[in-house]
Amino acid sequence: MPELPEVQTILDALTPLILNREIQSVTPLWPPVIDRPERVLFQQWLQGRRVIETKRRGKYMLFRLDDDRWLILHLRMTGKMRVVNASEPLRPHDRLIFHFSDGDDWRFEDQRKFGRAYLVEDPAEIVGKLGPEPLSDTFDANYLARILARRTAAIKSLLLDQRIVAGIGNIYADESLFLARIHPLRPGSSLTQDEIAALVAAIKTILAQALTEMGTTLRDYRRPDGSTGSFQNSLQVFRRTGEPCPSCGAPIQRIVVAGRSTHFCPREQPLHG
DNA sequence: AAGAGACCCTGGATGC
DNA sequence: TGCATCCAGGGTCTCT
């Protein structure tokens, strides 16, 4: 569900709610949510710890503990987080609870059970293979051109590959390709220098705007206080199949690329020419 | 190595 | 109404 802007928005709201509070115990309501270490060790390592710093890397949330280990969470498609008093009733899809010693709970909720929690000494074990942050200076046209030169796969699927660039998902891939006027099925190596530069600029523009708008709420995504983002009002093509292109009026088309729904304007983003 | 597809899950929407 | 099918902001694994 959440991509870079949603993860950042959630983390920004969550950080002041959890920082420096002592974790007294951990309840895994659905134990497979814990990826590593094994459940008992996960619980032992967290007992008595405090989160002293939070960071985002791609779509991962990183929480540095006061013993220098790192708790890492990935929300995948339907993960949500909230902080409530322990007396609040559980919700049906609550999967993991961090109990603070002052009586509040930090709860991780995840309908589809794809989300995962990790506890590691070196975060590189989890996030080490990720590509650059799309909003950083290391993600530029030269970098992307070097990668794309040897890749024949559709540009859409390459944008979803977190080893190439970290944090872009289905929404922002489609929106960025539309803004750059590039057909999602174009082979990576077929993009010109100008197109690559336009694509990099489009990705940065779209993600920055989505951050300002606190993300895109289509169904599941909520900020920790339950409120929604607003970038769904700015979507040009995503999930607008059959609606007129905001630029030329041609009907938006939907195809499947890399197993994911893909939306584009066939006139503004031609495959040839 | 790179690319395509299956798979992991649940539940809402849609079609017959 | 009931049942079947499709669909979903993600990532990993296997096979070729």
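Couple of notes before you dig in:
- At R0 = 25 Å, FRET efficiency that the Cβ-Cβ distance of residue A:19 and residue A:163 yields, to 0.05: 0.20
- For chain A, the longest principal axis of the alpha carbon atoms and the long axis of helix A:170-179 meet at an angle near 30°.
- FRET efficiency estimate (nearest 0.05) - Cβ-Cβ, residue A:250 to residue A:272, R0 22 angstrom: 0.85
- Here the accessible area is traced with a 1.4 Å probe on the protein chains. For chain A, carbon and sulfur cover 47 percent of it.
- Spin-label model, residue A:227 to residue A:77: label points 7 Å out along the Cα-to-beta-carbon direction sit 2.9 nm apart.
- Equivalent ellipsoid dimensions for chain A as semi-axes, Å, which come from the Cα gyration tensor, largest first: 37, 20, 15
- Each label was represented as a point 7 Å from its Cα along the Cα-to-Cβ direction; for residue A:219 and residue A:141 these points are 3.9 nm apart.
- Accessible surface calculations at 1.4 Å, restricted to protein heavy atoms, place chain A at 44 Å² per residue.
- Relative contact order, percent, the range A:4-127 [alpha-carbon distance under 8 Å, six or more residues apart]: 31 percent
- Candidate lysines for bridging to residue A:204, where Cα separation is under 18 Å - those fewer than 8 sequence places away on the same chain excluded: A:59, A:156
- Counted residue by residue at 0.36 nm each, then reduced by the alpha carbon distance between them, the extension gain from residue A:41 to residue A:102 reaches 19.7 nm.
- Gyration tensor (alpha-carbon) shape descriptor, the range A:4-127, a/c threshold 1.5: rounded
- Extended-chain gain in nm, criterion 0.36 nm per residue less alpha-carbon gap, residue A:209 and residue A:192: 3.6 nm
The values are calculated or read from the model by the stated rules, or taken from the named source; none is laboratory data. Note that the structure is predicted; figures quoted are calculated from it, not measured. Neighbour counts run over all protein chains shown; Cβ positions are idealised from the backbone, glycine included. Protein only, heavy atoms only, side chains kept; ligands, DNA and RNA dropped before computing areas. Shrake-Rupley method; radii C 1.70, N 1.55, O 1.52, S 1.80 Å.
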